[in-house]
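Below: the structure, in structure tokens.
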Amino acid sequence: TARVRLVAFTDPVLAPRTVDQSWTLLKSEAHATDNGPLLVDEYQVNALDTGEQHTVHIAGDVVLSAPGIELEHLETPPSTFLAS
């Protein structure tokens, strides 16, 4: 679990506000593709100020699904990041 401080932009005026969240890696799965396996990480995200929870699926640098986001088509494979 990692605590993350992010800047969120609120509707409808896109006003910035700082939010504190905790991100916990739940699992990583490899999905077969034409270009080889695609590693997808599933995170549980908790808003530390409200207690709201949601799930985010990320492959490399691409958000595949999150509240309000659903990827329909991916033109190229996502970039990969090495853990440091």
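The values are calculated or read from the model by the stated rules, or taken from the named source; none is laboratory data. These figures come from a predicted structure and were not determined experimentally. All Cβ positions, even for glycine, are placed from backbone atoms using ideal geometry, and neighbour counts span all protein chains on display. The area values use the complete protein model at the heavy-atom level, side chains included, leaving out ligands, DNA and RNA. Shrake-Rupley method; radii C 1.70, N 1.55, O 1.52, S 1.80 Å.
Using 20 Å as the cut-off for backbone N distance, which residues of region 32-52 belong to the label zone defined by a point 7 Å from the Cα of residue 26 along Cα→Cβ?
Label zone hits: 32, 38-52.
Lys and Arg at +1, Asp and Glu at -1: add these up for the other residues within a Cβ distance under 10 Å of residue 41 and post the number.
Around residue 41, the surrounding residues sum to -1.
Compute the FRET efficiency between residue 54 and residue 1 as 1/(1 + (r/R0)^6), taking r as their Cβ-Cβ distance and R0 = 25 Å, and round to the nearest 0.05. All intermediate terms of the calculation are to be shown ahead of the outcome.
On the way: r = 15 Å, r/R0 = 0.61.
About 0.95, to the nearest 0.05.
Give a quick list of chymotrypsin sites (Phe, Trp or Tyr not before Pro) in region 9-84 that DSSP marks as loop, anything other than H, G, I, E or B, with at most 16 other Cβ atoms within 10 Å.
Here the chymotrypsin sites (Phe, Trp or Tyr not before Pro) that fit, given the DSSP loop and packing criteria, are 81.
For the chain, what is the accessible area per residue in Å², given a 1.4 Å probe and the full set of protein chains?
Numbers: 6510 Å² over 84 residues.
Counting only protein heavy atoms, the per-residue value for the chain is 78 Å².
Just how large is the dipole of the chain about the Cα centre, in debye to the nearest 20, putting +1 at every Lys and Arg Cβ and -1 at every Asp and Glu Cβ?
Using Cβ point charges on Lys, Arg, Asp and Glu, the chain gives about 380 debye.
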